[in-house]
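First comes the structure, then the notes that go with it.
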Amino acid sequence: QVRLVESGGGLAQPGGSLRLSCTASGIILRHYDVGWYRQSPGAEREMVARLPGDGLARYTDSVKGRFTVSRDDTKNTLILQMNRLRPEDTAVYYCNVENRVTTYWGQGTQVTVST
């Protein structure tokens, strides 16, 4: 059974940092394309960062230079380091794991950036 367990969300002040983790069981992350998406109320889910099989990270323009996606293969965990947070980063963040035939989603973790 595949499980993606996310952690690390919470409340941060503008300019602060949070680190999200997504630990997988039942699959080996390095065999998949992985990434993070987010969804704000009333908005569509959008890609934040992806780490495909070629290892070249990709980011949506609004987070470039602030967020970093990485993978810890020793812990089978996907990580999103979020720095210089802005109020518009507030959303539920989901980890995504996929290949050509299968897609898995985490349960989501709330990130709120506010004073």
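Evaluating residue 47 against the criteria (1) more than 17 Å from residue 103 (Cβ to Cβ); (2) open to solvent by 50 Å² or more (accessible area, probe 1.4 Å) leaves one unmet condition, (1). Looking across the stretch 56-79 at every residue that is part of a loop (DSSP other than H, G, I, E, B) and not polar (S, T, N, Q), the one that is most open to solvent (accessible area, probe 1.4 Å) is identified as 75.
Of all positions in the stretch 41-49, at least one carries a residue that is at pLDDT 95 or above, among the acidic types (Asp, Glu) and assigned to a loop (DSSP other than H, G, I, E, B).
Within the stretch 18-39, the residues that satisfy the criterion of being open to solvent by 30 Å² or more (accessible area, probe 1.4 Å), over 14 Å from the mean Cα position of the chain (by Cα) and not basic (Lys, Arg) are 25, 26, 28, 31, 32. The residues of the stretch 80-110 that are over 12 Å from residue 51 (Cβ atoms), touching a residue at least 24 places away in the same chain (Cβ under 8 Å) and part of a strand (DSSP E or B), listed by number, are 81, 82, 91, 92, 93, 94, 104, 105, 109, 110.
Cβ-Cβ distances below 6 Å connect the following pairs, each with a first residue in the stretch 52-79 that is farther than 17 Å from residue 9 by Cα and without any contact (Cβ under 8 Å) to a residue 60 or more places away in the chain, a second residue that is of a type in the set (D, E, K, R) and open to solvent by 40 Å² or more (accessible area, probe 1.4 Å), and a separation of six or more residues or different chains: 52/33; 53/33; 73/30.
Within the stretch 1-17, being farther than 25 Å from residue 115 by Cβ, open to solvent by 70 Å² or more (accessible area, probe 1.4 Å) and part of a strand (DSSP E or B) holds for one residue alone: 3.
The values are calculated or read from the model by the stated rules, or taken from the named source; none is laboratory data. It should be emphasised that the depicted structure is a prediction, and the values quoted were computed from it without experimental measurement. Using ideal geometry, Cβ is built from the backbone for each residue, glycine included, and neighbour counts are taken over all protein chains shown. Remember, those area values only see protein heavy atoms, side chains included, never the ligands or the DNA or RNA. Shrake-Rupley method; radii C 1.70, N 1.55, O 1.52, S 1.80 Å.
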